Structures are given as C-alpha cells and as structure tokens.
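Structure record follows, encoded as structure tokens.
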Amino acid sequence: MAESAWPALLAALSYGIGTNLSDVLFAEVLSAIQDFTVACGLLRLDTPRNAFLSVMSKYAVPPPAVSAMQTYMDTPAAPRNNSITADSLGLGALTGAPVGPPSLSERNLACLRSMVLTARILATSLGDAWHDVLETLQNASFMLGAKKPALASRRSIVASSPQIGFSPTKGRNSSDLGSAENRPDVFDDLDTESIQSAINILFDGLRDLDDKAFTTFVEALCQLSAEMIGMGGIMTTGEGTNNGSNPPSPSVILSPGDSTRRASGINISNSIKSGERSFSLNKLRFVAVTNLPRLVNSETNTGWEVITKHLLAIARHPTAPSVIRMQASDTLQELLLGAVRVGKESRTQHQVFAVLVRQVDILPISLTISTDHDVRSSGYQTLNQILESSGHALEVGWETIFGMLNNVCKDRAVGTAAMEKSDSQMSATSSQPRPSTFARSNANLVRIAFPSLNLICTDFLSSLDPESIRQCIACLGSFGRQKEDVNITLAAIGLLWNVSDAVQGSDQQMWLYLLSELLELARDPRLEVRSSAMQTLFRCIDLYGAGLSSEMWEEVFWKIICPLLDTTTSSSASTGDESTVLALTSVGSIFHSFLPALAALDSFDKTWSTLLSRVEISWQREDKKCRSAALKALERALENTVKVPNRSSSMLQSTWSTLLRLVDMLKENIYTQDNLVGLVRITKALHDRLELNNETAKALSGVLRNIMTYDKSPEYRPDNDSMPPLQESLSSLLGNSTKLGSSIILGDLAEWTSLAYVASTGKTTYVGLSKWGLGKMKAVFQARGSEAGLYEDGTVESVLGVSCLAWLDS
C-alpha cells in the first residue's frame, strides 16, 4: 500500500502544506506527513521516507529564508527595524513597508519540531538520510541563533521576507485568529528554547543506537562539516581519507568565500563574520563526549577513526577559517584527553598517540601560519596533560612521544621549505612577513613542548626501556641544539645530567651515547651552551670514571675527549673563549684523577702525545687565557706520574721535548707574564721528576735563562724593591735546586744578577732580582766554594765580576 500510494500522497500533502490553510487543516496535513514518514521508515521504504523528510525540511527551514538571513547579516549598512508587524501573510514585504530580519514563522517551527520528532523515532534506520536531517538542523540553528528583536508574542512571528512555504497572496479565515486554547497542539511550545531542547534530546538519544547506525550518523555529520568548508572532495573514511598530515589536493580546496552549501545556501564566511562556530563541529563534539566509552572501548572501533580523521582534516586544512580549525583542534584535545581516562587497554593508548602525532605534524604550512602552529601547540599541550594525568599508566607510545618532541626542534628546515613552496601560491600582498611569523611560532612550540620532556626526565625515567632512554637522550640533544630559546637549551643539558645518573649503573654504552650528545652540544656556536655542555660532560666523566673498564676508557678518550680537544682547537684559534679554557682545565683534571686508568690503555702513548700536541697548539696559536689553561692542564697531569712508574719515564721525556719546543716559540710570539709563570711551573715539575744528566741540566739552565730574559710581554710589574711573580718563581726553582750542579747554579745567579746593569729595558729593571742574586750567590758560594771545578770552568770569575759591578754601582 505504501509503495503504491506514496507518490500521490506526496503530491497532495506537499500541495496542502504549502497552501494557506487554516491552522486546523495545516495541523492535520503536517500530522499526516509525519505519520506516513514514520510508517515508511519502519517499513524500510527509504525512497518515500526520504521524499517526505525532504518536504518537512523544505517547509521547516526554507532555503530562501536562510539566504535572506545571510543577505541581511551581510549588509550592515542596511536600515534596521527593531519592530515587526504581526502580519501572518507576510504582506509587509510586498508593500515595501520597513521589515526586520528574516525569521521562521510558527508553521516553519511546527514543521521543524515534527521533523525532529520523526528523526528521533527513525534514528536507527535513517542511514544516509541523516545528512539532510542534519543540514536542516544546521540551517535552523543558524536562523534561530541570529539576533532578533523582541516580539510581543510568539504567535506574531512570521517570515518578514516573502514568507517561504505558505502562499503570501491568500488571506486567512477569521476563524483561525481565535484564542490560543482552540489552536491545534502542533502550535504549542514553539519558542526557541523548546525547539533547541527537542534537538538536544535527539542528539542525546544517539547513545542508544547500535554500532552500525551510530557510525552512519557520525559519517553524515562529518560529511556535512566537511562540505561547510569546501572539503566535499575529501573523504572521512576509506582509502580516500586524508590523514591530517598532508594538505588536501588543490582540486578540492576552496577559499572560504567559495564555501557555499549546495542545498541550503549557507556560506561559511557569514557565520565566521558573526562570530558563530561550526554547528556540525559543536554537535560532533557533543556526540563524541557523550559516547566516549563506546568510541574508546569498542573492539570494532565504532566511530573513533571517522571522528578523529575528520577533526584532523579540519584542523590541518590549509584554507579553512582559523576559528573553525581551532574549534576542531579543541574538540580533538578534549576527545584525546577523555579517551586516555576512559580507555584501560594499551590499544587505546595506541589510538590516542596515532592521532596526536598527526596533529603535531609540521605539514601543511598554510596561508595562516599562526593557526598551523596553534593547532600543533594544542597537540603538545594535550601531550603534556596526558603525561601529567596518566603518564604513570602508559604502557605504549614512548617512541611516538619522543618522535613528536624531537620534531619540534628539527622541523625548521622542513617548515621553511614548505613555507617557501606555499609562498609561490600566495598573492603578492601578504598580510605579514612569513619567515618572522614562522620563527616566533616555532619558538612558542619549543616552549610548549619542552615541559613534557622535562616531566618525563624527572618522573618517568624508570618506566622507559633502553630504546626509549636512547630516544630520550636524542630528544634532549635536539632541544639543546634548538636556537629559539637558550634557557630551554640549558635546561635540556641539565636534564641530560639526570639521565646520566639513571643509565650509568645499567648500560655504559648508553652512557657513552649520552656523552656523545653532550659532545655535540659542546660544539654549539653559543658560548653559554658550550660551557654548560662541557661542564656536564666532564662532571659525568669525573663522577663515573672510576667504574669504567679499560675498553670504555678507550672509547671515552678517543670518541669524546679527543674530539672535544680538536673542536676547541678549531673554534678558538687566535681568539679563545671561556669554553676552551674550561675544556683544557677539565681535561687536565681528568688526567690527574684517572691517570692510572689511562696509563693502563694500550694506546696511552698516543693518548699522552695528544695532550702534549694540544698544549703546543694552544701555546702557539691561542690567546693568553687558553695558553695558561693548557699549561695548567699539563701540570695537573704531571702531578700523579708517581702512580704510574711504568709509564712515567716516557711521559717525562716526551714532555721535556715539548717544553723545549715551547721555549723555542718565545722568539716568535708574545706571551704574558702569567703565561711564562705557567711555563716555569712545567719546568719545575720536570726538574723535580727527571733524572738530570749534565746535558739535560745545561738545557734546563738555558730554558730558565730564556724565560728570565724574555722582553716582549705586554705588561710588567715593578721590580725595583722586590721581584715580580715570574722572577720569584724562576729564582725559587734555581735557588732551591738540588739537582743542578754548583757551576750551573752560581753561573746562572751571576748572569741574572748582572741583568740590572747590562739588560735593563726600562720596563724591567731587574733591580730586585739583582739584590736577591747577590745574597744568594754569597750563600751558595760559602756552601759550595770548596769545589775545585768552580775555579776551573770560570764560575768564580763570573761571580767576582758581577760582585765588582755591584760594588762599583754602589
């Protein structure tokens, strides 16, 4: 019967509802349409059901009325009339009388409520018809949400533009204008609040749908949402789904101004202008939140993939309005946070992080870079909240988490390339400089993402497996190398220290990997970063070096310490800086503290030669601070040679050869008095440890003489009344020596004493040295004057000669 009768009934009832009937007849026609629609739905007759739903939709929210409202809202300069004539026939529009904004009449609202009730009854079986129902509800929301003037009564509401759906040319019988008690029930509760309540009940009842019907509804809602921003060619399910990581094909991207709905006439730009948010996204959020346990815990993945893919596609859509993209992003954030709380299985965590990693993906770089970064920022904020609330319960996802965080610091090159590519598609008039916008936004991303990494390194290191710890170290290295915020760089270096404590006891190779990250940071062009990284690196070695095996020390020296010395050589040539001083000083401390362990290495001779070569390079090429630091490092290394008797002889001999080369360089370069004092300290260390033969003793005397007579220093201290530090250190070494022969000591004392008379330069008078020398010569001669050799090699003549000079001068 229904299959046979529905075409004729559709024609007759459509004519009836579109005619200016009395209220009673109108109510009966509307009830007939509703009843027959329900009957067709229950009988699974989709074609007649959809046809009758279309009739109700047409007269509930007439498309021309929606267009009229948009026109009204798009012309702010047009006259506004805050009152409306109670004209049930809409004749005001024909007479040219002033009219207010378009609105829905009582009969429109009655049709709307009837359609909502029908959708509630047939919710399980509506299928594809949900799209048209949702579109009508969207249009109704647009009409009802527009600001309208206050009216005396709901009964006087009419369509002020030519009334759509009811004849504007026929009058109404006077019997229809009676009291409200005699009116049919279809005209009850037609105020905005009641209509909105009925719509909310419809959406709330979706929780009772079976999985298949629920998924169909969600797909229809996502389709409507996509169409509203010009994504009609982008699927939300199946093979054609856009995964949110890449921009849609240009063939389906529409500018916001072209995003016109085919049936309703709504243009997304209008709702944005009026501050409206997306109806479909609002409802999608409501449906997702109220059905979250089903979305998360269903083994068939009911609705989860459809909703999250759609929200990602909207949030990452290059040409969608910013407010819509952020609405989708906020909805996604709420959904992911809720899913972690509701879902108890590892599968849920996989689902959440699979979505999150696509939200923070750098692509696309759209025409609104700030929105791109806002969407990504929302993803990183979500990550941080997940870690704060559920980090202790995470069973999966660490690899994904570190990948997300790592990309924050590595996406500048990718983002810049993509940005330049998109620039070629932009008009010549850009609203702001894109590179600076990208840099500022990227800096904000770094600041937003770093707290998550900080939280992991302070609270969850014990939860990480070895591979995750390795990824954590790499991620900290990336944050250390980023250039946007130096404070975060320094904080990341501090966290590497935390991690070193966690990995040292269990995995020395992992610890070595951490040192490698610190080594890279120690090569950073920023001084404060280099210094911080070096301090942390050497602190790690100093703290854990005692437990290292010989094999590990080989790797530490050749893979960490030696490359670091090479780096400071290339970076500080001729200029030097604090980090180079720190590196040299710290290497000296390492040799001092762990010389026995280093001496046990098969490659120790090469190791020691590396240190000596670095000292030579510093003495020849670097600035005064670096030279002093290099000599100090060598002095510290020499202090513990007694602990390695099997290595000490070769160490001292090679160091002696290096000293001679350093002294030869005095002829070519300019050195400060502090540099020379450091050289004397090395000389004293060798004097105290070497077995001196006659040749070596003479060479040592020549070293002291060359240092004492060096006259190219840029600064000198007064030396009339007392000796400055350099002369003091040389005099102490010579005067207290028990290894140098009497002839060498007295001969050098005589020569040094004579400098005040024969070598005074104005800067250096040697007067204080001469006073000391006279007294010291007397003491030494009294103690050793009986040695016959002093009279045979000319030593006594030298002593007497300088004594005569002093006597004549006095």
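The values are calculated or read from the model by the stated rules, or taken from the named source; none is laboratory data. Just so it is clear, the model here is predicted, and its values are computed rather than measured. Ideal geometry is used to build each Cβ from the backbone, glycine not excepted, and the neighbour counts take in all protein chains shown. Keep in mind that these areas ignore ligands, DNA and RNA; they rest on the heavy atoms of the full protein, side chains included. Shrake-Rupley method; radii C 1.70, N 1.55, O 1.52, S 1.80 Å.
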Phi angles of the range 718-732, converted by Karplus (6.51 cos²θ - 1.76 cosθ + 1.60, θ = phi - 60°) into ³J(HN,Hα) in whole Hz with x for Gly and Pro, give x, 9, 6, 9, 8, 8, x, x, 5, 4, 4, 5, 5, 5, 5
Straight-line reach check, Lys212, cutoff 21 Å on alpha carbons, 8 or more apart in-chain or any other chain, hits among lysines -> Lys283, Lys309
Charge dipole of the range 486-562 built from unit charges on the beta carbon (Lys, Arg +1; Asp, Glu -1), centred at mean Cα; most positive-end Cα among Trp511, Leu490, Ile561 is Leu490
Among GluC sites (Glu not before Pro) in the range 608-703, those in a DSSP loop whose Cβ has at most 10 other Cβ atoms within 10 Å are Glu668, Glu691
Note: Asp501 to Asp721 extended length (0.36 nm per residue) minus current alpha-carbon separation gives 73.7 nm
HN-Hα couplings for the range 220-228 via Karplus (6.51, -1.76, 1.60; θ = phi - 60°), in whole Hz with x for Gly/Pro, come out as 5, 5, 5, 4, 4, 4, 5, 5, 5
Computed for the range 609-649: size of charge dipole around the Cα centre, +1 on C-beta of each Lys and Arg, -1 on C-beta of each Asp and Glu, debye to nearest 20, value 80 debye
Pseudo-spin-label distance Glu334 to Gln196, built 7 Å along Cα→Cβ, given in nm, is 1.5 nm
To the nearest 0.05, the calculated FRET efficiency linking Leu527 and Glu467 through their beta-carbon distance, R0 being 22 Å, is 0.05
In nm, the gap between the two label points placed 7 Å beyond Cα toward Cβ at Glu691 and Ile670 is 4.4 nm
Extension length gain for Ser593 and Leu45 (0.36 nm per residue less Cα distance), in nm, is 188.3 nm
Lys and Arg at +1, Asp and Glu at -1: neighbours of Glu219 with Cβ under 13 Å from its Cβ sum to -2
Env charge @ Gln673, Cβ radius under 10 Å, K,R +1 / D,E -1, value 0
Given unit charges at Cβ for Lys, Arg (+) and Asp, Glu (-), the dipole magnitude of the range 658-706 about its Cα centre in debye, nearest 20, is 60 debye
Here, Glu3 and Lys698, labelled 7 Å along Cα→Cβ, have an inter-label distance in nm of 12.7 nm
With +1 on the Cβ of every Lys and Arg and -1 on the Cβ of every Asp and Glu, the dipole magnitude of the range 753-810 about its Cα centre, in debye rounded to the nearest 20, is 360 debye
Over 28 Å (Cα to Cα) among Lys410/Lys624; Lys624/Lys776; Lys625/Lys712 -> Lys410/Lys624; Lys624/Lys776
Expressed in angstrom and rounded, the centroid-to-centroid distance over alpha carbons for the range 120-136 and the range 484-545 is 60 Å
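Just to confirm a number: summing +1 for Lys and Arg and -1 for Asp and Glu over residues other than Tyr513 whose beta-carbon lies under 12 angstrom from that of Tyr513, what do you get?
Overall, the nearby charge balance is -3.
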Full extension between Ser549 and Ala12 adds, at 0.36 nm per residue less the Cα distance, a length in nm of 183.7 nm
FRET efficiency (Arg661, Ser389; Cβ distance; R0 60 Å; to 0.05) is 0.40
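Quantify, in whole percent, the carbon and sulfur part of the accessible surface of the range 556-691 (1.4 Å probe; protein heavy atoms only).
Of all accessible area on the range 556-691, carbon and sulfur atoms account for 50 percent.
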